[in-house]
Amino acid sequence: MAGMSPSERRLQKELMSLVKEPPPGVSVDPDIAERNLLHWIIDIRGAAGTLYEGERFQLQFKFSNKYPFDSPEVTFVGQNIPVHPHVYSNGHICLSILTDDWSPALSVQSVCLSIMSMLSSCKEKQRPPDNAFYVKTCNKNPKKTKWWYHDDSV
Amino acid sequence: MKVFVGIEMTGQSVEFEQKFNYRRPMYTIFDYLWEIPQHRECFKNLAIEAEQNMEAVNPPIFLRFANLLINDAIFLLDEALANMAKLKEMQRAQDNGEWNNLNARDRVQNISYMQHIGNMARFDNILGKDTIITLEKLTSEISRVFTHSTMVDRIASMLNYFLLNLVGPNKKNFKVKNAKEYQFDPAGTVLKICKIYVNLKDSDAFCLAVSQDGRSYSPSLFALSEDVLVRIGGGSLIGEMKEVAEKVAKMAHEHEAREEATAEAPEHFLDPIMSTLMVDPVILPSSKQTVDRTTIARHLLSDQTDPFNRSPLSMEHVIPNTELKAEIEAWLEERRKK
């Protein structure tokens, strides 16, 4: 593992454990991450018995070289962006652990699980009320958005 | 006097988000103050104070100052190099006559764009150089703040990165015509960068950080810079740079041995956040997790909470895990014998 930065070392380790023992509904293509450890695409599947059952989504993770002290930039990408009150149609996710409440003790896996549970607890598929305005005005990087975590129940 | 220096520095951190314009006179003032022995003493005292409080809740002013300088240096030099590369590309296109085929409007646009980039490059070059000069001066007298574990990786990778760009295979990308006009002075910058290496070379942590920077460091980096030093009249630095290179190589070797040890170490010897073999394990009082001291110190710089349960935490409250430390050391010793 020579020549790896501390963040890459940690990511390498996370990748290995995620490939070896993926949590249900989560899968990562090990090759994508091996080309560039700072950029991952993760496939997730809507859990059975939820509004998203059978749907497939892709999450993009971008890491800075300050990871894990600095949170990853996580967005939904691809054709299918889940319709959810905390997910904007451009893929940005309103989830406090991705910004203010990030902690280096969290991991890619725990972020995936949080997002899955956010989807699973949804009772009605709809976009956030300010979707149109936000998507038009936001920065490309969701971490630059000053999120207002209004509602933790969903 | 101390207050004066203090205001100076606070002012700087406040203004950081604002235009770099404000900063320019700062460097002039700094240069002036640095030459006055009393003021220089002041800087040194601030640095000593910083060193004793590296892990305090409110980062000491000198640490913030040093941190900002490094941020600036990275930003400015990076911008400068990017702009120089763009200029080079545009000059090439212009010379090849590629622009002759464009209609008049596009051509005018290109020319004004080139002027714009040129101006930016000039600005970045001047400020970037000022920043590097300031860093060089500071490191000549004060090294320990810069080689503290929370800083050392960044300064090492910054130096490596720019040295590599300026002496490595990319260097021709920045060779523009009339470099003087843009205040582009690669030779001067290389000399200053080398000087900073030499200033910091007594620190093991620094040499290790240099060798571990995966992005830009390779053993040939110093050989390349030696060639360049010969050409730009940095002969007197060569001997010292050789020492730097040797020490870096030695640290790299020792580190490799440690890496191997890490791969074989029992899981509880590893830092739960960085997965490295812990050197100085400490227990976090509320979550009872053990992590390496450098890891938690780094985390607390930006967030004063226990990463495992978010309860408030500061460096004074961590408890050394002496038992585990002894266990790790004994295990390493055992390994070394084999």
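The values are calculated or read from the model by the stated rules, or taken from the named source; none is laboratory data. Computed from a predicted model, the values in this text were never measured in an experiment. Neighbour counts run over all protein chains shown; Cβ positions are idealised from the backbone, glycine included.
Of the residues B:238, B:283, B:296, B:273, only one is farther than 21 Å from residue B:163 by Cβ and more than 13 Å from every other protein chain (Cβ to nearest Cβ); which? Give the derivation first.
Working: B:238 fails: farther than 21 Å from residue B:163 by Cβ; B:296 fails: more than 13 Å from every other protein chain (Cβ to nearest Cβ); B:273 fails: more than 13 Å from every other protein chain (Cβ to nearest Cβ).
Selected residue: B:283, the only one of B:238, B:283, B:296, B:273 that is farther than 21 Å from residue B:163 by Cβ and more than 13 Å from every other protein chain (Cβ to nearest Cβ).
Any idea which residue in the stretch B:51-84 is modelled with the highest pLDDT, counting only those that are surrounded by fewer than 19 Cβ atoms within 10 Å (Cβ to Cβ) and of a type in the set (Gly, Ala, Ser)?
Once the filter is applied, the top-ranked residue is B:82.
Residue under question is residue B:119, and the condition is that it be in the same structural domain as residue B:196 (by TED's automatic domain parsing), touching an Asp or Glu at 6+ places or on another chain (Cβ under 7 Å), of a type in the set (S, T, N, Q) and surrounded by 12 or more Cβ atoms within 10 Å (Cβ to Cβ); does it hold? Don't jump to the end; show me each part of the working.
Working: in the same structural domain as residue B:196 (by TED's automatic domain parsing): yes; touching an Asp or Glu at 6+ places or on another chain (Cβ under 7 Å): no; of a type in the set (S, T, N, Q): yes; surrounded by 12 or more Cβ atoms within 10 Å (Cβ to Cβ): yes.
Judged against the criteria, residue B:119 is not a match.
Go through A:134, A:67 for me and flag whichever is in contact with a Lys or Arg (Cβ under 9 Å, 6 or more places away or on another chain) and surrounded by 14 or more Cβ atoms within 10 Å (Cβ to Cβ). Talk me through it step by step, then tell me what you get.
Values: A:134 fails: in contact with a Lys or Arg (Cβ under 9 Å, 6 or more places away or on another chain).
Checking each option against the conditions leaves just A:67.
Going residue by residue through the stretch B:320-334, is there one that turns out to be among the hydroxyl-bearing types (Ser, Thr, Tyr) and part of a loop (DSSP other than H, G, I, E, B)? First the steps, then the outcome.
If we filter the stretch B:320-334 for residues that are among the hydroxyl-bearing types (Ser, Thr, Tyr), which is where we start, we get B:322.
Now drop any that are not part of a loop (DSSP other than H, G, I, E, B), which leaves none.
No.
Going by the structure shown, is residue A:140 in a loop (DSSP other than H, G, I, E, B) and among the charged types (D, E, K, R)?
Details: in a loop (DSSP other than H, G, I, E, B): yes; among the charged types (D, E, K, R): yes.
The answer is yes for residue A:140.
Scan the stretch B:94-115 for residues that are free of Cβ contacts under 8 Å to residues at least 12 places away in the same chain and under 24 Å from residue B:166 (Cβ atoms) and jot them down.
Selection gives B:95 alone.
Does the stretch B:305-316 contain at least one residue that is touching a His at 6+ places or on another chain (Cβ under 8 Å) and either assigned by TED's automatic domain parsing to the domain that holds residue B:229 or not hydrophobic (A, V, I, L, M, F, W, C) (or both)? Write out each step before concluding.
From the stretch B:305-316, those touching a His at 6+ places or on another chain (Cβ under 8 Å) are B:307; that's our starting set.
Narrowing further to those that are either assigned by TED's automatic domain parsing to the domain that holds residue B:229 or not hydrophobic (A, V, I, L, M, F, W, C) (or both): B:307.
Yes, that holds for at least one residue.
Restricting the search to the stretch B:299-331, which residues are more than 9 Å from every other protein chain (Cβ to nearest Cβ), surrounded by fewer than 21 Cβ atoms within 10 Å (Cβ to Cβ) and within 18 Å of residue A:68 (Cα to Cα)?
To start, the set of residues in the stretch B:299-331 that are more than 9 Å from every other protein chain (Cβ to nearest Cβ) comprises B:300, B:304, B:311-331.
Going one step further and asking which of them are surrounded by fewer than 21 Cβ atoms within 10 Å (Cβ to Cβ), we end up with B:304, B:311-312, B:314-317, B:319-327, B:329-331.
The answer is B:304, and nothing else.
Could you please let me know if residue B:271 is buried (at least 19 other Cβ atoms within 10 Å of the Cβ) and of a type in the set (Asp, Glu)? I'd like the intermediate steps shown before the answer.
Working: buried (at least 19 other Cβ atoms within 10 Å of the Cβ): yes; of a type in the set (Asp, Glu): yes.
Taking the combined requirement at face value, the residue satisfies it.
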